[in-house]
Structure formats: C-alpha cells, structure tokens
1. Can you tell me which of 108-114, 171-177 comes out highest on packing, and rank the rest after it, using the mean Cβ neighbours within 10 Å?
2. To the nearest 0.05, how large is the calculated FRET efficiency for residue 118 and residue 70 if R₀ is 45 Å and r is the Cβ-Cβ distance?
3. With r as the distance between the Cβ atoms of residue 63 and residue 126 and R0 = 25 Å, compute the FRET efficiency 1/(1 + (r/R0)^6) and round to 0.05.
4. Tell me the label-point distance for the pair residue 86, residue 185, using the 7 Å Cα-to-Cβ offset, in nm and rounded to one decimal.
C-alpha cells in the first residue's frame, strides 16, 4: 500500500517536472540580432548571370578536383597499395556523384534564370556552393588516404618548447628505498608502554 502511494507520488513528480521542462523548452528567447542576415538571402545580391558564372566556375573546380584525385588513384595503383587504392577510389566515386549532381543542378539553375524564378535560382545556387565545398572536402580526404598533409604544418619550422615545473622533485618517486618501506611507528600517547 505504502509502496503504491510512493509510486503514484513519484509519478506525479516526474509528470510535473516534464510539464515544467516542456514549458521551459517552448519559451523563445531572441538571441539573434534583428539585422542579422540569413545565408540564403545573401545570394539574392547576385544577379542570375553572376550566379551562372559562379556555377560554371564551380563545375570547373569540381572537374579539376576529380582530375587531381584520379591522378592520386593512378599513383596508388602504380605503388600497388591496395588500401590507398580502395580509399581513393571511394573518394573518387563520391566526387563523381557530386559532379553529376552539380551538372544537373547547373541546368536547373539555367532554367530558373531564364524563367526569372528567383527563389528556385537562389536554391540551385546554394546547392552549387554546397557541391563545391563537398568536392574540396573529398579532395582533402583523398590526400589523407595517401598520407599527404593538407594543413599548413611545416616540420622544418616547428619549434617545441618544454617547460619543467621547478617544484617537481629531482629524485624518482618510483624508486623505493629501505627507509621508505619501514612502517612509521605511532606516537606513544600514554606514559605506560
């Protein structure tokens, strides 16, 4: 009986907590500035002709990336490194899919420009930007497949500085001495031994 009352009480507490938590989650606190720009609105500044030029440049960039990754694949095949070949081949396949999609959406962008459909035009242009970024990411991943560094790390200019805390003792605490193994005798608290 008492257990049942406790369960009902606990259930009521949980339900109350969830309802309060749900109410807190529904409150809206404005954190963005009212003059903040949304990413898709930024492309509205470009005319249709400008977006078409950028989209053509994107297709050229993706095609160039495909050639570079294909060259990496040929080099890995020459080295007969099966792991590198499989890794780069996977990246090249993904780049091919990206290139195919970019070509399709470039045609859709051309159609939307000719129809003066600004919403569709901006959408297709955003997709072209995404395709360009995707192909660049895949190029970097392909270079990592063969072990090429893609960052700005220069091993000839790297300087490593080590600072040792002066409060660290000189002796090695892992080395035990006979004195450290002897148990410490407790102090005598009574006059009688």
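1. The densest-packed peptide leads the list: 108-114, 171-177.
2. On the way: r = 37 Å, r/R0 = 0.82.
Given R0 = 45 Å and the Cβ-Cβ separation, E is 0.75.
3. Values: r = 20 Å, r/R0 = 0.81.
Given R0 = 25 Å and the Cβ-Cβ separation, E is 0.80.
4. So the label points at residue 86 and residue 185 sit 7.0 nm apart.
Bear in mind that the values in this text are calculations on the coordinates, not laboratory data. Since the model is a prediction, treat every value here as computed from it, not as a measurement. Because the Cβ atoms are built from the backbone with ideal geometry, glycine has one as well, and the counts that use them run over all protein chains shown.
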